[in-house]
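Presented below is the structure to which this report refers.
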Amino acid sequence: MTLLIIIIALALIFDYINGFHDSANSIATIVSTKVLTPVQAVIWAAFFNVLAFWIFKDHAVANSISKTVYKDFITLPVIFSGLLAAIFWNLLTWWYGIPSSSSHTLIGGFAGAAIAHALMTKGIGYSWAKIVDADTIIKTILFIFLAPIIGIVISVFITLVTIMRNIWWRLAIISVATFATVLMFDHFEEVKIHENVQKFYGIDKYNKEIATAEAGLKEKPGDIKLQEKVKENTKKLKSATEQYNHISPYLSKYDKTGAEYIAKLANDNGWLANVAASKIKDAARNANDFLVLEAKSPENAAIKKEYDIAKEKTEGYKEPLKLFISKKINADSAIKLMNVIYPIQAKNIDNVKAKIEKFNIEKSFAEEIAKADNSIVEYGIIGAAILFMLIYLYIEKIKTPTAYTMANMFKKLQLFSSAAFSIGHGGNDAQKVMGIIGAALIAHGSIQDFGQLPSWVPGACYLAIGLGTMSGGWKIVKTMGTKITKVTPLEGVAAETAGAFTLFFTGQMGIPVSTTHTITGSIIGVGVTKRISAVRWGVTTNLLWAWVLTIPVSAVLAAITYFIVTYFMK
């Protein structure tokens with residue numbers, strides 16, 4: 001427990017450091033264009049960092065981070081070592097004014113420590129693909145380059161549209177672009193709802209179990225246990241898929257019906273019956289310290305043996321709990337029957353009883369669907385577009401446009417664009433620390449998966465990054481605000497809007513990208529619209545090297561830290 005508390009404290013410290021390290025991303029352009037003073041700018045950015053807590057419902061980025069390393073290799077020393085390495089690299093790059101990625105520092109540290117742990121326990125020949133999730137790592141590496149490119153393209157587009165002489169063409173293009181963006185986010189929402197429901201039914205878990213067992217059968221073709229595992233999980237997958245197929249057509253109508261309607265429909269038609277038994281079984285056995293047993297099993301043979309017995313026998317909890325769900329028996333009777341199947345510790349009986357009595361499959365299902373709702377983001381995009389268009393009309397058709405009024409208009413618009421970017425920054429980066437704390441709680445046995453993350457974790461992470469942003473990172477502000485290219489208020493609006501869009505876009509997809517890379521690409525984009533030579537490519541090249549080296553350097557530092565930590569923990 002002590003190490004878990006230390007890890008949570010370190011994670012929040014990292015989040016705080018991330019805030020002041022990356023505060024430059026949110027405020028560099030608004031400070032360099034003198035729209036706000038540095039003190040005003042950090043307070044402004046910090047406020048919107050924290051506001052992101054109420055905007056991002058589905059913590060997809062945090063979930064991706066927590067799954068960077070496979071569960072078998074997530075231990076508290078691994079997370080501790082990864083955090084120490086990430087904090088060291090972040091402070092080092094901040095000291096030298098290098099806008100490196102805090103996100104990639106964290107991912108590299110987490111993966112590096114896990115690989116070191118696997119080498120010590122499994123041997124040098126063990127495949128890294130069995131240690132870290134290749135999809136998450138590959139996506140992260142790809143977006144080292146894609147995030148700034150997206151930022152460049154969008155900021156160039158916004159700048160060119162903004163400087164168009166014909167205001168009616170400008171408004172038409174903004175309208176079409178806004179409509180297309182809302183349609184895209186609608187599509188993301190629908191895809192995410194389906195993904196969440198599939199996970200709720202366990203479809204992804206069963207597919208993974210089948211793939212793992214089939215891979216094992218290639219090495220041991222006659223293994224009866226693996227054959228049974230394939231057969232059992234195939235049966236579960238078929239049942240789960242059938243139930244999902246019943247509810248799938250209604251998920252596409254979410255905007256018209258809502259989560260509560262869909263959940264009630266599913267429950268009334270019996271499409272949640274099987275998954276309800278599985279969910280309540282998990283809740284009951286977890287309340288009996290099953291997760292603690294699971295967390296300790298990799299490092300203790302006796303506990304591993306008991307865990308294997310508990311895992312097999314507690315599956316039998318489903319039958320008495322089905323009787324409880326159908327109201328054929330009460331909670332006390334269900335617990336008595338469960339106690340015969342696998343004993344419930346005396347100290348946990350009240351906890352188990354509370355868990356099963358509070359269980360509500362319909363409510364849980366509705367919450368899982370509603371997580372994917374991004375309507376607040378869509379309304380924000382529409383509102384921002386309308387605001388920009390009204391301001392353009394007022395300045396150019398009601399008032400006489402002059403150089404002064406145009407410059408003043410863009411200075412005011414920068415307040416909105418920097419606020420949008422700060423929301424994206426908070427939503428993207430705070431979630432990464434949430435993922436690490438979630439992984440630590442899973443490793444400790446406090447929760448089974450990221451879906452059970454306690455409500456205090458998001459609040460603490462958003463608050464920590466907000467406080468960090470208020471502390472500022474002036475060395476990086478100078479690099480971002482003046483060294484890449486000189487930024488005007490118009491260009492500041494374009495860069496920040498492009499950066500905000502990129503962060504909302506990748507956040508919706510659950511891809512952990514760097515806010516540093518995103519805003520740098522956006523600033524380069526506005527520089528390119530003037531002329532290629534307006535961008536100081538020497539500075540940009542140095543930044544690119546820092547980006548490329550961050551993950552491997554953090555991984556090596558974390559591996560070394562892990563070896564040191566485990567030596568002193570012996």
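Computed from the coordinates by the stated procedures, all read-outs in this text should not be read as laboratory data. All values reported here derive from a predicted model rather than from experimental measurement. Here the Cβ positions follow ideal geometry from the backbone for every residue, glycine too, while neighbour counts run over all protein chains shown.
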Open item on the list: Order 80-86, 411-417 from most to least packed using the mean count of other Cβ atoms within 10 Å.
Closed with: 80-86, 411-417
Open item on the list: Which residue, Asn245, Phe416, Asn274, has the largest displacement toward the positive end of the dipole of the chain when charges sit on each Cβ (Lys, Arg +1; Asp, Glu -1)?
Closed with: Phe416
TODO: Quote to one decimal, in nm, the extra length available between Asp268 and Asp72 on full extension: 0.36 nm per residue of separation minus the C-alpha distance between them.
DONE: 66.8 nm
Task: Electrostatic dipole magnitude of the chain [Cβ: Lys, Arg +1; Asp, Glu -1; Cα centre; debye, to 20] - done: 580 debye
- [ ] State which entries of Lys71/Lys432; Lys229/Lys327; Lys235/Lys318; Lys139/Lys304; Lys139/Lys432; Lys208/Lys358 exceed 24 angstrom in Cα-Cα distance in the structure shown.
- [x] Lys229/Lys327; Lys139/Lys304; Lys208/Lys358
- [ ] List the extent of the Cα atoms of the chain along each of their three principal axes, largest first, rounded to whole Å.
- [x] 83, 57, 44
Task: Mean ellipticity per residue at 222 nm, deg cm²/dmol - from DSSP H runs of n ≥ 4 across the chain, formula -39500 (n - 2.57) - done: -26000 deg cm²/dmol
Open item on the list: What's the magnitude of the charge dipole for the range 196-369 around its Cα centre, counting Lys and Arg as +1 and Asp and Glu as -1 at the beta-carbon? Answer in Debye, nearest 20.
Closed with: 260 debye
- [ ] Sort the following peptides by mean Cβ neighbour count (other Cβ atoms within 10 Å, averaged over residues), highest first: 46-55, 292-301, 220-229, 436-445.
- [x] 436-445, 46-55, 292-301, 220-229
Task: Ranked by how many other beta carbons lie within 10 Å on average, peptides 277-285, 388-396 from highest - done: 277-285, 388-396
